[in-house]
Structures are given as structure tokens and as C-alpha cells.
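K.L.:
I'd like to ask you about the structure that follows.
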Amino acid sequence: MRHPYKTPVTIPTHNPVAKGTLRKILRDAEISVQALIDLARSAAGVPESH
């Protein structure tokens, strides 16, 4: 998938993904760690905790 002004992000298919690799992916995708946690909780049906 291509976007006209965003840089592509490569996602590894191995498991587990190293913490540093995941942080780099999030930086490249301009997503915060907290936003990823919130998305994962939402996808799992877990209510947000603030």
C-alpha cells in the first residue's frame, strides 16, 4: 500500500519482534507507544484506563 507523502514502513513477520525494532517501526509510522497500547486494548475489547 502506498501513500502519496508518507514513507513506507516495513513490518517483520517473525515473532517476537525486538523492542528496539518495534519502537523504530512506531517512530517511522508516527505512532506513539501509548497509541499502540490503546489500539491493542480496543481491538481486544479491553476498556481504556487513564
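K.L.:
Residue pairs, Cβ under 9 Å, 6 or more apart or interchain, first in segment 18-42 and in a helix (DSSP H, G or I), second modelled with pLDDT of 90 or more and among the charged types (D, E, K, R). List them.
P.N.:
Final answer for the pair search is 33/23.
K.L.:
Please go through segment 15-43 and pick out each residue that is of a type in the set (S, T, N, Q) and loosely packed, with under 13 Cβ neighbours inside 10 Å.
P.N.:
Restricting attention to segment 15-43, the residues satisfying the condition of being of a type in the set (S, T, N, Q) are 15, 21, 32, 34, 42.
Across segment 15-43, the qualifying residues are 15, 32, 34, 42.
K.L.:
Also, I was wondering about something else. Which condition does residue 12 not pass, out of (1) surrounded by 11 or more Cβ atoms within 10 Å (Cβ to Cβ); (2) outside any loop (DSSP other than H, G, I, E, B), if it passes all the others?
P.N.:
(2)
The values are calculated or read from the model by the stated rules, or taken from the named source; none is laboratory data. Keep in mind that what you see is a predicted model, and the values were worked out from it rather than measured. Please note: Cβ atoms are built from the backbone with ideal geometry, for glycine as well, and neighbour counts cover all protein chains shown.
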